[in-house]
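Chemist: Below are the structure tokens for one structure; questions will follow.
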Amino acid sequence: MNTLLNAVAALGRGALSACEATGRVTLFAVLGLSHILRPPFYGRAFGRAMLEIGYLSLPVVALTAVFTGMVLALQSSTGLSRFAVESAIPSLVVLSITRELGPVLGGLMVAGRVGAAMAAEIGTMRVTDQIDALTTLSTNPLKYLVAPRLLAGIIALPLLVVVADILGVMGGFIIGVAKLGFNPYIYLQNTFNALYAEDVISGLVKASVFGFVITLMGCYHGYHSRGGAQGVGAATTAAVVTSSVLILALDYVLTELFFTK
Amino acid sequence: MSDTPKIRLRGVTKRFGDKLVLDGIDLDVAPQTSMVVIGGSGSGKSVLLKCILGLIAPDSGTIEIDGQDVLRMPHKARDAARARIGMLFQNGALFDSISVAENVAFGLLAQKKATRAEARIRAEEVLAQVGLAASVGDLAPAELSGGMQKRVALARAIAASPDILFFDEPTTGLDPIMGAVIDGLITEQVKRMGSTAIAITHDMASARRIGDRAAMIHKGRIVWEGPAESLMDSGNPMVDQFTHGRRDGPIQMELRR
Ligand SMILES: Nc1ncnc2c1ncn2[C@@H]1O[C@H](COP(=O)(O)OP(=O)(O)OP(=O)(O)O)[C@@H](O)[C@H]1O
Ligand SMILES: [Mg+2]
């Protein structure tokens, strides 16, 4: 009886603290977003965040996209040949990349790269009193540190995914033409025939949401880190884990919203 | 001098978890004077300053600046009150993503008190006051020695000529001569610029140089308050033990546990 009660109590406590955490993150997100709209604006901080999230993530996102496109073409040729519908390869590649793999894999790579760095930077600022120092120097840390990063995440991720889409299709094209014997012209024609604007747009909207989630988790965990280097390390891990899980979960939710009518 | 203290604390209490860090602090600092706060490591000195700054919310008590209760002010007024306080953090807390000069000019630019060019000139001026060449302004904080970082942090705290100044161990980590220079600079801020200051220090010579008055904090309470000159012969057994660094006395260091 007692053990049962204990179990129920533990469950309740867990649920409560989960609700509480969700509430805190939501509040943090709302505050951060509201500071994007209210002056003063920190152009330099935004520029730096764009560079960090967008430009410096290009190589890793590009490599991921190319190889994903290549592997997609290869895998589907071995799979689809069983049903003798190899001609579906170009459309399979382009739809998978634009709708799913571009935003999701791009998001996961950026979460590892940028989310971790962001949590570490802001976390270090927290444990060395730099965030307190900002406040004493008449600067709102949410406005100076968080808002520019959130905005940069929302804008930079879709741009990265455009690049990922193009390179992913290119990867598939390379394998299709060089290895599977497609006529280059036919491959591209099949690709574009299969592609609709909403495939690309839905992918870019996903990317924007993922960019927001990555920067939000990086900022949130960094901002609330405590207890020296160990605390910053824990914040970094938490930022990457939560943003990765959220990316996959939100990907499902957004796909439901976009494609099931 | 007017009767209202510049800073007035009554019954300020703060606990972290079940640890009582501040246990009803009462303290008055008269305008244009400096108060030195001494006390053992972990006695809550830094937490006290952070409470006055509004960085930590006390559990109970009142904190008044110029007779106005900052804990119960509307947000805007509180931000304005806070903008008048310059703070030197114990570990410097320099922003490591921007240059030394940008650090020093940060408050001026944030308060829109100066253009970029003016702020840069002012930054070099204040850096010179703390004994640093203008060329240091272009370095990153990480490229400086610990003592230099402390001086940059001091320069940043005084750059906007704030009305109230808090110094958390301003001379710790400095060589004795530079320590004396910094003490002189702090006294000048109070005597010539008319600021009101609270300084935390473990250095008794420095405490007597900068302080008009002194207070000792122990176990979250102010156990003694008096003129800073009398620190070494206060007649209070706790203060005597502390300032003379004796092992035996009323303060038992809780080393074990
Ligand atoms: N954010 C915090 N969360 C939990 N405990 C804290 C926090 N800040 C300070 N403390 C605790 O409060 C106590 C007082 O800390 P404080 O930094 O004020 O000491 P101090 O008097 O400045 O010491 P020192 O002379 O070593 O700087 C310490 O025991 C510390 O562990
Ligand atoms: Mg301290």
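Throughout, read-outs are computed from the coordinates displayed, never taken from laboratory work. Here the structure is a predicted model, which is why all the values come from computation and not from measurement. Virtual Cβ from ideal backbone geometry, glycine too; neighbours counted across all protein chains shown.
Chemist: What pairs come up if the first residue lies in region A:205-229 and is without any contact (Cβ under 8 Å) to a residue 12 or more places away in the chain, the second is outside any helix (DSSP H, G or I), and their beta carbons are under 6 Å apart, counting only those six or more places apart or on different chains?
Modeler: none
Chemist: Say whether the condition of being more than 23 Å from B:A228 (Cβ to Cβ), surrounded by fewer than 17 Cβ atoms within 10 Å (Cβ to Cβ), within 16 Å of ligand 2 (Cβ to nearest atom) and more than 14 Å from every other protein chain (Cβ to nearest Cβ) is met by at least one residue in region B:8-20. Spell out how you get there, then give the answer.
Modeler: Going through region B:8-20, the residues more than 23 Å from B:A228 (Cβ to Cβ) turn out to be B:11, B:13-20.
With the extra rule that they be surrounded by fewer than 17 Cβ atoms within 10 Å (Cβ to Cβ), the set shrinks to B:11, B:13, B:15-20.
Among the residues that remain, those that are also within 16 Å of ligand 2 (Cβ to nearest atom) are: B:16, B:19.
With more than 14 Å from every other protein chain (Cβ to nearest Cβ) added as a condition, the list becomes B:19.
Scanning region B:8-20 turns up at least one residue that is more than 23 Å from B:A228 (Cβ to Cβ), surrounded by fewer than 17 Cβ atoms within 10 Å (Cβ to Cβ), within 16 Å of ligand 2 (Cβ to nearest atom) and more than 14 Å from every other protein chain (Cβ to nearest Cβ).
Chemist: Scan region A:17-32 and tell me whether some residue there is within 14 Å of another protein chain (Cβ to nearest Cβ) and assigned to a helix (DSSP H, G or I). Don't jump to the end; show me each part of the working.
Modeler: Filtering region A:17-32 down to residues within 14 Å of another protein chain (Cβ to nearest Cβ) leaves A:31.
From what's left, assigned to a helix (DSSP H, G or I): A:31.
Yes: region A:17-32 contains one or more residues that are within 14 Å of another protein chain (Cβ to nearest Cβ) and assigned to a helix (DSSP H, G or I).
Chemist: Please go through (1) away from chain A (no Cβ under 14 Å); (2) in a helix (DSSP H, G or I) for B:L132 and return the number of the only condition it doesn't satisfy.
Modeler: That leaves (2) as the condition not met.
Chemist: Specify the residue that is nearest to B:A157 (Cα to Cα); the eligible residues are those in region B:169-199 that are more than 14 Å from chain A (Cβ to nearest Cβ) and within 14 Å of ligand 1 (Cβ to nearest atom). Explain how you work it out, then say what you get.
Modeler: Quick first cut of region B:169-199, residues more than 14 Å from chain A (Cβ to nearest Cβ) only: B:170-197, B:199.
Within this subset, residues satisfying the condition of being within 14 Å of ligand 1 (Cβ to nearest atom) are B:170-173, B:199.
Values: B:P170: 11, B:T171: 14, B:T172: 16, B:G173: 18, B:A199: 13 Å.
Among them, the one singled out is B:P170.
Chemist: Does B:Q241 satisfy the criteria of being within 21 Å of B:S41 (Cα to Cα), more than 16 Å from ligand 2 (Cβ to nearest atom) and either outside any strand (DSSP E or B) or polar (S, T, N, Q) (or both)? Walk me through how you get there before you give the answer.
Modeler: Working: within 21 Å of B:S41 (Cα to Cα): yes; more than 16 Å from ligand 2 (Cβ to nearest atom): yes; either outside any strand (DSSP E or B) or polar (S, T, N, Q) (or both): yes.
Yes: the conditions hold for B:Q241.
Chemist: Could you say whether any residue in region B:144-156 is more than 25 Å from A:G123 (Cβ to Cβ) and within 13 Å of chain A (Cβ to nearest Cβ)?
Modeler: So far as region B:144-156 goes, yes, one or more of its residues are more than 25 Å from A:G123 (Cβ to Cβ) and within 13 Å of chain A (Cβ to nearest Cβ).
Chemist: Just one of A:G69, A:G107, A:G168 is within 30 Å of A:G231 (Cα to Cα) and more than 14 Å from chain B (Cβ to nearest Cβ); which is it?
Modeler: Details: A:G69 fails: within 30 Å of A:G231 (Cα to Cα); A:G168 fails: within 30 Å of A:G231 (Cα to Cα).
From the options A:G69, A:G107, A:G168, the qualifying one is A:G107.
Chemist: Pull up region B:109-124, narrow it to residues that are free of Cβ contacts under 8 Å to residues at least 12 places away in the same chain and of a type in the set (A, V, I, L, M, F, W, C), then point me to the one that is farthest from the other protein chains (Cβ to nearest Cβ). Break it down into steps so the answer makes sense when it comes.
Modeler: Just the residues of region B:109-124 that are free of Cβ contacts under 8 Å to residues at least 12 places away in the same chain, to begin with: B:109-110, B:112, B:114-118, B:121.
Remaining after also requiring of a type in the set (A, V, I, L, M, F, W, C): B:109-110, B:114, B:117, B:121.
Values: B:L109: 9, B:A110: 4, B:A114: 13, B:A117: 16, B:I121: 18 Å.
The selected residue is B:I121.
Chemist: Take A:Y252 and decide whether it is over 30 Å from A:T124 (Cα atoms) and in a helix (DSSP H, G or I). So that I can check it myself, show each step before the final result.
Modeler: Values: over 30 Å from A:T124 (Cα atoms): yes; in a helix (DSSP H, G or I): yes.
When the stated conditions are applied, A:Y252 passes them.
Chemist: If we only count strands (runs of 3 or more DSSP E) wholly inside region B:30-108, which ones have 1 or more residues that are within 16 Å of ligand 2 (Cβ to nearest atom) and more than 10 Å from every other protein chain (Cβ to nearest Cβ)? Steps first, answer last, please.
Modeler: Numbers: elements: B:34-38, B:60-65, B:85-88.
Counting at least 1 such residues, we get B:34-38.
Chemist: Starting from region A:134-157, keep only residues that are away from chain B (no Cβ under 14 Å), then list their pairs with residues that are part of a helix (DSSP H, G or I) and acidic (D, E) whose Cβ atoms are within a distance under 8 Å, requiring at least 6 positions of separation or different chains.
Modeler: A:A152/A:E52
Chemist: Next question, about the same structure. Filter region A:164-204 down to residues that are touching a residue at least 12 places away in the same chain (Cβ under 8 Å) and outside any helix (DSSP H, G or I) and give me whichever is surrounded by the fewest Cβ atoms within 10 Å (Cβ to Cβ).
Modeler: A:K179
Chemist: With (1) among the acidic types (D, E); (2) within 13 Å of ligand 1 (Cβ to nearest atom); (3) part of a loop (DSSP other than H, G, I, E, B) as the list, and B:D3 as the residue in question, which single condition is left unmet?
Modeler: (2)
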